[in-house]
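Taking it in order: structure first as structure tokens, then the write-up.
What follows draws every value from the coordinates through simple rules; no lab data is involved. Keep in mind it's a predicted model, so treat the numbers as computed, not measured. All Cβ positions, even for glycine, are placed from backbone atoms using ideal geometry, and neighbour counts span all protein chains on display.
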Amino acid sequence: MRVLVTGAGSRLSQELAPALAAGRGVLLTGRGVAPSARAGIEAARSDLGHDDSTRALVRGVDAIVHNGEAEAAATASEQLDVAMRCTYNLLQAAAVERVPRFIFLSSLSIMGRYGADMAVTERWRPAPAAEPPELTYHLGEYVCREFARERKIEVVCLRLGEFVWGGAAPSTSALYPDDAAHAVARALDWKADEDDSTQWWNGTFGPTGWDIFHIQSAVPNPRFLTTEARKRLAYSPKQRP
């Protein structure tokens, strides 16, 4: 399997690429400057434009892992442009080149405005803030969902918890990098079928090619439920103290 991973400038993508490279070919791409090549990982620069270069980038890959994280140094307008236009361009190229699966890395932060005492699942509507970074994740999901609704490509959306980097204290929605890599690997290897691929859509259930999973680590008093990911993806995070 050959996998394209976007967002090379983010810590998440830099952690994911080597973890996914075990048993897979990984192409890591970034906007602006080409990422440095590492053992077992190809590297390529791409601005994800609406042109042949994006088609060439995705040609021959078996899956795309698209990091929806906004660049912190970018303006709000630039972040929204990447979330919508660049995600659209990447999906369009993937659909034309017949890439079988597109994994969008979103964030549980878009569900964070619900009360902490609520058992928030994938059926709940997002409640993002009106500015980046929450809004960029939310709009990225919208673009992905429209492509899936039109059956142009199969999209798996992973809403990731709050990352624990280094010695940072974990929150109730904590996600450790190794658990994130495990979730992405499970989404890459997952064999969905017509009966299994069902999500809430305009008040009805039905096969849509669009699947959402909440992903966080197994920490005490977890903020979000990961029942669907455990049941359908066989996501099995490590138990954390």
Item checked: Residue among Ala19, Ala169, Ala56 with the largest mean-square fluctuation in a Gaussian network model of the chain, springs linking Cα atoms under 10 Å -> Ala169
Note to self: Show me the helices of the chain, taken as full DSSP H stretches, that run 24 Å or more along their long axis by Cα and average 0.0 or above in Kyte-Doolittle hydropathy.
What the structure shows: none
Check: If the convex hull of the alpha-carbon atoms of region 1-119 is projected onto planes in all directions, what is the mean projected area in square nanometres?
Finding: 8.6
Check: Say the dipole of region 2-233 comes from +1 at the beta carbon of Lys and Arg and -1 at that of Asp and Glu; which of Gly140, Gly23, Ala129 then lies farthest toward its positive end?
Finding: Gly23
Next item on the list: Might you report the magnitude of the Cβ-based charge dipole of region 2-233 about its Cα centre, with Lys and Arg at +1 and Asp and Glu at -1, to the nearest 20 debye?
Entry: 260
Next item on the list: Report, as a whole number in µm² per second, the diffusion coefficient that Stokes-Einstein gives for the chain at 25 °C and 0.890 mPa s using the Kirkwood radius over alpha carbon pairs.
Entry: 137
Check: Once phi is turned into θ = phi - 60°, what whole-Hz ³J(HN,Hα) does the Karplus curve with 6.51, -1.76 and 1.60 give for every residue of region 216-225, x standing for Gly and Pro?
Finding: 8, 7, 7, 9, x, 6, x, 6, 10, 7
Notebook entry, point to check: Who wins for biggest fluctuation among Arg31, Arg59, Arg125 in a Gaussian network model of the chain, springs between alpha carbons below 10 Å?
Noted result: Arg125
Next item on the list: Beta carbons within 10 angstrom, averaged per residue: use that to sort the peptides 42-50, 61-69, highest first.
Entry: 61-69, 42-50
Note to self: Give me P(r) over region 97-184, computed from all C-alpha to C-alpha distances, binned every 10 Å, as integer percentages.
What the structure shows: 15, 42, 34, 8, 1
Check: By the scheme Lys and Arg +1, Asp and Glu -1, what is the net charge of all other residues having a beta-carbon under 11 Å from that of Val96?
Finding: +2
Note to self: If I take R0 = 30 Å and measure r between the Cβ atoms of Lys238 and Ala127 in this structure, what FRET efficiency does the formula 1/(1 + (r/R0)^6) give, to the nearest 0.05?
What the structure shows: 0.55
